[in-house]
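So the structure is just underneath, and the comments pick up after that.
Nothing in this text is a laboratory measurement; each read-out follows from the coordinates by a stated rule. Just so we're clear, the structure is a prediction, and the values are computed from it rather than from any experiment. We place every Cβ from the backbone using ideal geometry, glycine too, and count neighbours over all the protein chains shown.
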Amino acid sequence: MDGIIYLDNAATTKVSEGVLKEMLPYFCNSYGNPSSIYEFSVQSKKALVSARQEIAAFLNCEPNEIYFTSGGSESDNWALCGMVEAMAKKGAHIVTTKIEHHAVLSTCEALEKKGCRISYVGVDENGIIKLEELKRAITPETVLISVMAANNEIGTIQPVAEIGRIAKERGICFHTDAVQAFGHIPLDVKAMGIDMLSASAHKLNGPKGIGFLYVRKGIMLPSFIRGGGQERGRRAGTENVPGIVGFAQAVREAAKDLFGRAEKESALRDYFMDEVLRRIPYVRVNGSRKMRLPNNVNFSFQFVEGESLLIMLDMQGICASSGSACTAGSLLPSHVLMALGLPEEVAHGSIRFTLSQETTREEIDFVIDKMEEIVGKLREMSPFYDEIRGR
Ligand SMILES: *Cc1c(COP(=O)(O)O)cnc(C)c1O
């Protein structure tokens, strides 16, 4: 195979040609500041207005409920910190899950240090949130429920509409980190009872450094970045016009064939999972097979270190990701895999592949061949594997 095989689309995606083409005029030609009053800046202002309209229509909300930010992390930080600040009179308790992205989890840790109480709801062995546990966690002090729409490691899709209903019944604000879901599966903030939603362009073939927070009209969220009056005074900073224009184009491209793309990707995803399970022993698929993002594949190989597997795949030009996160010099197993109840040594042998609409069957076949070879080699070196085989 020539070049690289990029199977890390949950980390980031390639900017599509169409997106780049839409963005280019806003760097050197229509570069005016949308807040300026002269005629020249009208081009940027118009681009901003129509981008906001298109993104809002895709989510089934109003344009003035979309607040552009620097990305998913900022949106998550804002939603959580803002709500705690706004609701200080009611209480300081957030209900979230054990499998959130670090943009949510680290924010929760920071809020805990300031005296906020956080309940981390568990998931079942398939990675789906335990709704009964969620209901029990809610108290009169709860000011926010934050549950991701789809998980970035194992691809599980959460029952967002049901959580929306639970939140509404109890009069609690519901935020969802939809960074992995947005542009990949259908989302409708009204139908799903979502009050706040985070999204980011670079996870759907848009540029990096641009995202938004949807905030339903009536939700009082104080500003997080202070300064000028942009984004109706709620998020200061000169608008990233090329980024926003590119984001809208990425949404247009995603919306055009959401189901067709999902069908193609999930067929290849299922083929990938089935073939690996058929050809390689002592492997498991992590996360629900059914409630799963179309492009996510996550395996745990026994008697193999995920990191070693990654490095050897890299030598073949294959880009994937391991479940471990290197924190403070020690290799910790992924918090998501631990929440599934996986033994630590199994979690360590985990690897994630995330496909794109450009991924081909030939690429997947090549990756499976290499995996079979590499896993075999690594296991030859594992004393535990010898034991299992009675040598
Ligand atoms: C990538 C990601 C984020 C962070 O988004 P950025 O735009 O990179 O800041 C947050 N949540 C989830 C689930 C993600 O996958």
What fraction of the Cα pairs in the range 178-297, stated in percent, has a spacing above 17 angstrom? 67 percent
Here, Ala86 and Asp124, labelled 7 Å along Cα→Cβ, have an inter-label distance in nm of 3.3 nm
What's the magnitude of the charge dipole for the chain around its Cα centre, counting Lys and Arg as +1 and Asp and Glu as -1 at the beta-carbon? Answer in Debye, nearest 20. 1400 debye
Starting from 0.36 nm per residue, how many nanometres of slack lie between Gln316 and Arg279 once their C-alpha separation is accounted for? 11.4 nm
Distance cut-off 26 Å, Cα to Cα: go down the list Lys90/Lys113; Lys168/Lys208; Lys113/Lys168; Lys98/Lys217; Lys130/Lys256 and report the pairs above it. Lys168/Lys208; Lys113/Lys168; Lys98/Lys217; Lys130/Lys256
Most to least packed among 99-112, 36-49 [average Cβ atoms within 10 Å]: 99-112, 36-49
In terms of the Cα gyration tensor, with a ≥ b ≥ c the square roots of its eigenvalues, is the range 257-391 rounded because a/c is under 1.5, prolate because a/b exceeds b/c, or oblate? prolate
Take the Cβ-Cβ distance between Arg289 and Leu20 as r, set R0 to 35 Å, and report the resulting FRET efficiency rounded to the nearest 0.05. 0.50
Determine, for Lys113, Lys21, the number of other Cβ atoms within 10 Å of each Cβ, and report the residues in order from fewest to most. Lys113, Lys21
Take Phe58, Phe174 and order them by how many other Cβ atoms sit within 10 Å, fewest up front. Phe58, Phe174
Could you check the spin-label model distance between Thr238 and Lys190? Points 7 Å from the Cα along Cα→Cβ, value in nm. 3.7 nm
Quick note, the range 176-246: a/c under 1.5 would make it rounded; otherwise a/b > b/c is prolate and the rest oblate (a ≥ b ≥ c, C-alpha gyration tensor); here it is oblate
Check which residues have an amide H placed less than 5 Å from Ser321's amide H, if you skip close sequence neighbours. Arg352
Given the -39500 (n - 2.57) contribution per DSSP H run of 4+ residues, what per-residue ellipticity at 222 nm results for the chain, rounded to the nearest 500 deg cm²/dmol? -12000 deg cm²/dmol
Placing +1 at every Lys and Arg Cβ and -1 at every Asp and Glu Cβ, with all other atoms neutral, what dipole size does the range 165-303 have around its Cα centre, in debye to the nearest 20? 300 debye
Relative to the present Cα-Cα distance, how much length would full extension add between Ser356 and Val49 at 0.36 nm per residue of separation? 107.6 nm
What lysines could a cross-link reach from Lys370, if we take a straight Cα to Cα line under 29 Å and drop same-chain neighbours fewer than 8 places away? Lys14, Lys203, Lys264, Lys290
Quick note, the range 106-145: a/c under 1.5 would make it rounded; otherwise a/b > b/c is prolate and the rest oblate (a ≥ b ≥ c, C-alpha gyration tensor); here it is oblate
Grab the Cα-Cα distance for Ala11 and Ala267, subtract it from 0.36 nm times how many residues apart they are, and report the gain in nm with one decimal. 90.0 nm
For the range 9-158, what mean projected area does the convex hull of the alpha carbons give, in nm²? 12.0 nm²
Only bridges whose two residues both fall in the chain count here: according to DSSP, what percent of them are antiparallel, nearest 5? 60 percent
Counting Lys and Arg as +1 and Asp and Glu as -1 over every other residue whose Cβ sits under 15 Å from the Cβ of Val245, the net charge comes to +1
Alpha-carbon Rg/Rh ratio, for the chain, with Rh computed the Kirkwood way: 0.99
For Val121, enumerate residues with amide H under 5 Å from its amide H, sequence gap 5+ or separate chain, H modeled in the peptide plane. Thr96, Thr97, Lys98
Return Phe366, Phe384, Phe272, Phe224 ranked ascending by Cβ neighbour count within 10 Å, so the fewest neighbours appear first. Phe384, Phe366, Phe224, Phe272
